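A quick write-up on the structure given underneath.
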Amino acid sequence: MTKIAIVILSDTETMESLGKISNAFMLAQEAIENGDDLKIIFEGAGARWIGALEDKNHKFHELYLSIKSNITGVCLFCASVFGVKSKVLAANIPLISEYKEHPSLRQLFVDGYQVITF
């Protein structure tokens, strides 16, 4: 079984960022359809995406809902720094704090995941 970890680092501010989240979600859907072991983590400015995607009027809201159950979590530190911790909690997405209040990206490699960042 293929093990894929998608880490979303890009902010919500630009068309490039919109393209990155779209590509991340396309990979996620493909992985889900193929039964891959998938983790999706929002880190850095990427933590801002949760609040944006929870908005029913966002163009990727439905796409987001289709992969939401595979979201492993959002970086606790980054959610706090970027002021979106309450939005992440309201979306019922876990906050991750495995290594100094951040997700342990190293552990993904130890566990055999192929990590791709967007």
| said: When the residues of region 1-32 are narrowed to those that are closer than 16 Å to Leu63 by Cα and part of a strand (DSSP E or B), which ends up farthest from the chain's Cα centre (by Cα)? | reply: Ile6
| request: Please go through region 64-104 and pick out each residue that is surrounded by fewer than 18 Cβ atoms within 10 Å (Cβ to Cβ) and among the hydrophobic types (A, V, I, L, M, F, W, C). | output: Leu65, Val81, Leu89, Ala90, Ala91
| field | Residue identified as touching an Asp or Glu at 6+ places or on another chain (Cβ under 9 Å) and either of a type outside the set (S, T, N, Q) or outside any helix (DSSP H, G or I) (or both) among Lys87, Lys59 | value | Lys87
| So which residues in region 33-56 are among the charged types (D, E, K, R) and either assigned to a helix (DSSP H, G or I) or loosely packed, with under 14 Cβ neighbours inside 10 Å (or both)? | Glu33, Arg48, Glu54, Asp55, Lys56
| task | Pairs only if they're at least six apart or on different chains, beta carbon under 8 angstrom, first in region 34-62 and among the polar types (S, T, N, Q), second at pLDDT 95 or above; list them, first residue then second. | result | Asn34/Thr2
| Residues satisfying the stated conditions in region 106-118, i.e. more than 23 Å from Leu18 (Cα to Cα) and of a type in the set (A, V, I, L, M) | Leu108, Val110
| said: Can you pull out every residue in region 1-15 that is modelled with pLDDT under 95 and of a type in the set (Asp, Glu)? | reply: Glu13
| message | Among the residues that make up region 105-113, is at least one of them under 18 Å from Thr12 (Cα atoms), assigned to a helix (DSSP H, G or I) and over 14 Å from the mean Cα position of the chain (by Cα)? | response | no
| task | Tell me which of these Ser17 doesn't satisfy, since it passes every other one: (1) more than 16 Å from Ser66 (Cβ to Cβ); (2) touching a residue at least 24 places away in the same chain (Cβ under 8 Å); (3) crowded, with 19+ Cβ neighbours inside 10 Å. | result | (2)
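The values are calculated or read from the model by the stated rules, or taken from the named source; none is laboratory data. Note that the coordinates shown come from a computational prediction; the quantities given were computed from them, not determined experimentally. When we count neighbours, we look across all protein chains shown, and the Cβ atoms used for this are built from the backbone with ideal geometry, even at glycine.
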